[in-house]
1. Between Lys212 and Met226, how many nm apart are label points set 7 Å from Cα along the C-beta direction?
2. Using 13 Å as the cut-off for backbone N distance, which residues of region 220-239 belong to the label zone defined by a point 7 Å from the Cα of Gln127 along Cα→Cβ?
3. About its Cα centre, what dipole magnitude does region 149-231 give when the only charges are +1 on Lys and Arg Cβ and -1 on Asp and Glu Cβ, stated in debye to the nearest 20?
4. Go through Ile204, Phe191, Leu98 and say which Cα lies farthest out towards the positive end of the charge dipole of region 90-215; charges sit on Cβ, +1 for Lys and Arg, -1 for Asp and Glu.
5. For region 147-285, what is the charge dipole size about the Cα centre, in debye to the nearest 20, if Lys and Arg each add +1 at the Cβ and Asp and Glu each add -1 at the Cβ?
6. What accessible surface, in Å², does a 1.4 Å probe find on Met226, ignoring ligands, DNA and RNA and rounding to the nearest 10?
7. Tell me, what is the 1.4 Å probe accessible area of Trp90, in Å² to the nearest 10?
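The values are calculated or read from the model by the stated rules, or taken from the named source; none is laboratory data. Keep in mind that this is a model prediction, so the values were computed, not measured. Cβ: placed from backbone, ideal geometry, glycine included. Neighbour counts: every protein chain shown. Just so you know, the surface numbers come from the protein's heavy atoms only, side chains and all, with ligands and any DNA or RNA stripped out. Shrake-Rupley method; radii C 1.70, N 1.55, O 1.52, S 1.80 Å.
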Amino acid sequence: HTHTHTHTHTRMPAMITIARMLYNNPYIRMYLARFDSDSDSVVLVAARHASPHSDDDTGEHSGNELITVPESNEDRQSPMTKDATTVYVWVAAAMAALGGILFGYDVGVISGALLQLKCDFDMSDNQQEWVISSMLVGAIIASFTGGFIIDFIGRRLAIIINSVIFVAGAAMLAAAPVYSVLIVGRLIVGFGVSLSAIGECIYISEISPPSKRGMLVSLNELGITMGFLLAYLINFVFVDVESGWRYMFALSAVPSAIQGLGMLKLPPSPRYLVLQNRDAEFGPV
């Protein structure tokens, strides 16, 4: 019995040191601090600091242990609170998924707008190709930088800023007086489309409970499909209207503004808070 106790006591400091090193790694903490979706308890995994008064001879450790703190009975959510939380998550996911509608709309709307643009700007075939492909150039730029942006400023703030980018691009396209402004506007919108595809899917996945994560992330894909359909309907309505292409481009600012204002009322991603060591904000979120 004495031999076993001594062997266990010798191994404990090394095990505790490894556990603390793992916990202090922000990427691992992202998974350690989480809500247990299968129970009513909140799982909190923490590494206590070493106690200078621990007695090595007795093998008693007053600190340096991994603990799991169950939620008290007072803090347990009632069914009504759980339902409200579920509704809140669905609303947050739907608000973020508005970017999917913008994605599909801005990609599809050019098919109808180009019919008028080539006449109003007397475009050559090469110029028409650039009007279409310039959006893809902007998307390529965002695909290389988008990951760094959302990691640096956060998913929620990236979506809000991206809404401003969408509004600016829509305004520039709708008011474009010359061909060059049209190209710049398409570049801006393309950047926004790619950034939205990155930021919104990550945001939705990080606020969603595991049991509903796939369904909620798919809202963004649904939004893309709806955006294409909406673009073709708007094309049909304005294709015979004089300078109808301006209305086609301008209307994309509406869901952009709604998304930006709506995201102001939503919380940041809890995983992003953990990665930034903003533990004080993690609990309330």
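1. Reported label-point gap for Lys212 and Met226 is 1.6 nm.
2. Output list for this probe position: empty.
3. Values: 5 positive and 4 negative charges, 14 e Å.
I would put it at about 60 debye.
4. With unit charges placed on the Cβ atoms, the residue in question is Ile204.
5. On the way: 9 positive and 8 negative charges, 42 e Å.
Charge dipole of region 147-285: 200 debye, to the nearest 20.
6. For Met226, solvent-accessible area is about 100 Å².
7. Result for Trp90: roughly 80 Å² accessible.
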